[in-house]
Amino acid sequence: MKAKLNKSNIIFLMIILLLIIPHTRQPIQIWLHKGLSYINQSTLIDDSERVKIVNTDWQLRSDNGAILNFESTQGEVVLINFWATWCPPCIAEMPSLQELYNDYGDKVKFLFITDDGFKIINNFKSKRNYTFDVYNSVTEIPKELMTRSIPRTFIINKYNEIVVDETGAVDWNSDNVRSQLDQLLSE
């Protein structure tokens, strides 16, 4: 019994050490959040509880230098993802967002929004072969989309209503999300 207890203590201490060391902590956190993303599912907000985005005069600058006014997305289905390159749950969900973007990028407007500088963003995208545009906010974010936690993802319908509001890593390339997008696109 005592030998087993010692082995358990050693394994526990090794896990603690791996989580303390910065070079091993982030990959472990990403792996854990990736697993959690399969549990955390996207759900549609009931019609009666949907919030409409009132102020659509929101300016964004993309990593390729283009300016986008959020107002130009009216009448479109929009997926907005607030994230950062240093955020483990953001990194964990990003491959699923890229896969979704690959299939829906011509039907849904994707807005990946971060405060990170474009040099950091472009290095991050290049290392991972991500092809979506990333934006920095130039003007104040509409109050309905303000967030203090990342990742935070909103899906906006064609009527400027928030129909999905998820915090934390989600598997965005799931059949559930694809079905939700297909439903919103057909409205």
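Just so you know, all these numbers are worked out from the coordinates, no wet-lab data involved. Model, not experiment: these values are computed from the prediction. Counting neighbours? That spans all protein chains shown, and the Cβs are built from the backbone with ideal geometry, glycine included.
Only sites in a loop by DSSP and with at most 16 other Cβ atoms within 10 Å count here; which trypsin sites (Lys or Arg not before Pro) in the range 69-136 make the cut?
When the trypsin sites (Lys or Arg not before Pro) of the range 69-136 are filtered for loop state and at most 16 Cβ neighbours within 10 Å, Lys107 remain.
Placing +1 on the Cβ of each Lys and Arg and -1 on the Cβ of each Asp and Glu in the range 95-174, which of Phe110, Asn129, Ser96 has its Cα farthest towards the positive end of the resulting dipole?
Asn129
Give me the distance between the Cα centres of the range 114-137 and the range 59-108, rounded to whole Å.
Cα centres, the range 114-137 to the range 59-108: 11 Å.
Please report, in debye to the nearest 20, how large the charge dipole of the range 49-187 is about its Cα centre when each Lys and Arg carries +1 at its beta carbon and each Asp and Glu carries -1 there.
Computed about the Cα centre, the dipole is about 380 debye.
Which pairs in the list Lys119/Lys158; Lys34/Lys107; Lys52/Lys127 are over 28 Å apart, alpha-carbon to alpha-carbon?
The pairs that break the limit, which is 28 Å between Cα atoms, are Lys119/Lys158; Lys52/Lys127.
Can you classify the range 91-187 as rounded, prolate or oblate using the Cα gyration tensor, where a ≥ b ≥ c are the square roots of its eigenvalues, rounded means a/c under 1.5, and otherwise it's prolate if a/b beats b/c and oblate if not?
oblate
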